[in-house]
1. Condition first: within 7 Å of chain B (Cβ to nearest Cβ) and either surrounded by fewer than 22 Cβ atoms within 10 Å (Cβ to Cβ) or modelled with pLDDT of 95 or more (or both). Now tell me which residues in segment A:92-117 satisfy that.
2. Would you mind telling me which numbered condition in (1) out of contact with any strand residue (DSSP E or B) (no Cβ under 6 Å at 6 or more places or on another chain); (2) at the interface with chain A (Cβ under 9 Å from one of its Cβ atoms); (3) in a helix (DSSP H, G or I) B:Leu98 fails?
3. Could you check segment A:166-208 and list, in sequence order, the residues that are surrounded by 19 or more Cβ atoms within 10 Å (Cβ to Cβ), part of a loop (DSSP other than H, G, I, E, B) and among the aliphatic types (A, V, I, L, M)?
4. Considering only segment B:1-12, how many residues are surrounded by 14 or more Cβ atoms within 10 Å (Cβ to Cβ) and either modelled with pLDDT of 90 or more or more than 7 Å from chain A (Cβ to nearest Cβ) (or both)?
5. For the condition at pLDDT 95 or above, assigned by TED's automatic domain parsing to the domain that holds A:Leu73 and either within 11 Å of the chain's Cα centre (by Cα) or not polar (S, T, N, Q) (or both), what is the one hit in A:Arg157, A:Arg132?
6. With at positive phi, surrounded by fewer than 18 Cβ atoms within 10 Å (Cβ to Cβ) and either free of Cβ contacts under 8 Å to residues at least 40 places away in the same chain or in contact with a Pro (Cβ under 7 Å, 6 or more places away or on another chain) (or both) as the only criterion, which of A:Gly120, A:Gly84 stands out?
7. Would you check if there is a residue in segment A:129-141 being assigned to a loop (DSSP other than H, G, I, E, B) and of a type in the set (Ser, Thr, Tyr)?
8. Based on what the data block shows, is B:Asn65 closer than 19 Å to A:Cys108 by Cα, modelled with pLDDT of 90 or more and either more than 7 Å from chain A (Cβ to nearest Cβ) or not in a loop (DSSP other than H, G, I, E, B) (or both)?
Amino acid sequence: MPHDHSDHPHALLPSDPALRVKALETILTRKGLIEPAALDEIIDTYQNKIGPQNGARVVARAWSDPAFKAALLADADPVLAELGYYGRQGEHMVVVENTPAQHNMVVCTLCSCYPWPLLGIPPGWYKSDAYRARAVREPRRVLADFGVTLPADTAVRVWDSTAEVRYLVLPMRPQGTAGLDEPALAALVSRDSMIGTALVGAPQSNSEAPA
Amino acid sequence: MSDCISHSAPEPAFLEPWHAQVFALTVSLNEAGRFSWADWVEAFSATLRRNGLSRELDGGADYFNAWLQTLEAILAAQGSASPQEVALVRRDWEEAYLNTPHGDPVRLAR
């Protein structure tokens, strides 16, 4: 801590990187290269508006509507565009379906390419060296770290994202969900299940759909 | 080096305000056409590779430090913000913080 007075006679000094970011922002604003209001808008969007709930809605719809699912798997972009899930880092989406024969898992070995419009900002573990290095090399062991054990005859396919192509995993619909509507189904779908590091479990109770 | 991938609790999109700021700066510059996202990914991957050679990156603060390094390098190469400019304005901000009474909004004097 560069300044750690108990009574804080002056404003608390931000960290070195925080000051460097402030400096960049000031310089670029002065040069008219950015608009501070636009930055706030971007932050608000990713902090509050966009997140895995978008992807979960797509999954629930695909589970409920076979024609939608077929279109989504064949060519995801126009289908997602119609739902409004497009734009930054979601320009070219490919949806890969989990089946009893094949489990899909997504990584970005280069950096952290991720389908922002559907899942928001990636979690820390997705960006870590450990995940990026191991997902391709030993996917089953990585899945085991996440508590996922697949049947021996289920193949694991790992999809490496790039700046051009992003992937969303369509998890398998769990047993015991026949009577659930789309919002109830979407509530079952976790972020990790759409990256392929989790499965979607059956609802806790058979009699009540989750809120 | 740990191979463990921790993944338990849901986490906020950004752990610190400056992570959000540097992310938004980058997205905003990309959308203004200052660089393509493919160029960004290439430069950022190279930084991660370089930084990862000396130690295991954890995907948290390390990740955004690499992000900031990359953005600084791109802006310096483009002449949009030279290292000298950044150092000067950074110092101005630091002085502003040190000279502003606690609780008051911090502003640059010039």
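The values are calculated or read from the model by the stated rules, or taken from the named source; none is laboratory data. The structure presented is a predicted model; accordingly, all values stated were derived computationally and were not measured. Cβ: placed from backbone, ideal geometry, glycine included. Neighbour counts: every protein chain shown.
1. A:Leu110
2. (1)
3. Matches in segment A:166-208: A:Leu180, A:Leu188, A:Val189, A:Ala198, A:Leu199, A:Val200.
4. 0
5. Residue meeting the stated conditions: A:Arg157.
6. A:Gly84
7. no
8. Values: closer than 19 Å to A:Cys108 by Cα: yes; modelled with pLDDT of 90 or more: yes; either more than 7 Å from chain A (Cβ to nearest Cβ) or not in a loop (DSSP other than H, G, I, E, B) (or both): yes.
It is true that B:Asn65 is closer than 19 Å to A:Cys108 by Cα, modelled with pLDDT of 90 or more and either more than 7 Å from chain A (Cβ to nearest Cβ) or not in a loop (DSSP other than H, G, I, E, B) (or both).
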